[in-house]
Amino acid sequence: AKESFSKHEKTFLIVGIICNTLILAASIVFLIFFIKLINDFRHNIIFNKKNGRRIFVVGITLIFNGIIKNLFTIWTFLKAKEFITLSDYSIKMPSLEWDYILFGFSILIMYEIIKMGINMKEEQELTI
């Protein structure tokens, strides 16, 4: 028996694949930069521009993942509401995840602190 997907099922599948691919790619970038950052921290290399950029990328990837997840949740809810109608029932918006976004902004605050430390270190090296 030949099964075919409807237009809406194909759209849902394609959007799901795109969102999950973006999340996977950002997660891989996050993991690579995080491992390099931790490795430098273990070697007591903290206040340099390379680590500043790594911290920035880690924060941005977390925010990006959180935004993509929330957008997909909202899109899924809207599609479900559009196509599923049950009498005496209503589809409620699921709660959105803000953890990644908030943690990403916390990392960006840490990036600003590290950046100030890098500038102070460079000024100190110039005065010696």
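Read-outs throughout are calculated quantities, based only on the coordinates presented, and are distinct from any laboratory measurement. From a predicted model like this one, the values you see are computed outputs, not experimental measurements. Note that we place each Cβ from the backbone using ideal geometry, even for glycine, and neighbour counts take in every protein chain shown.
Shown is the FRET efficiency for LYS50 and THR127, computed with R0 = 25 Å from the Cβ-Cβ distance and rounded to the nearest 0.05: 0.65. Based on Cα contacts under 8 Å between residues 6+ apart, the chain shows a relative contact order of 30 percent. Here the 3J(HN,Hα) profile of the stretch 109-114, calculated from phi with Karplus coefficients 6.51, -1.76 and 1.60 at θ = phi - 60°, is 5, 4, 4, 5, 5, 4 Hz, Gly and Pro shown as x. When peptides 87-100, 18-31 are ranked by their average number of other Cβ atoms within 10 Å per residue, the highest-first order is 18-31, 87-100.
Restricting attention to the chain, lysine pairs at least eight places apart or on different chains and with alpha-carbon atoms under 17 angstrom apart total 13.
Between LEU13 and PHE41, the C-beta separation translates, for a Förster distance of 41 Å, into a calculated FRET efficiency of about 0.50.
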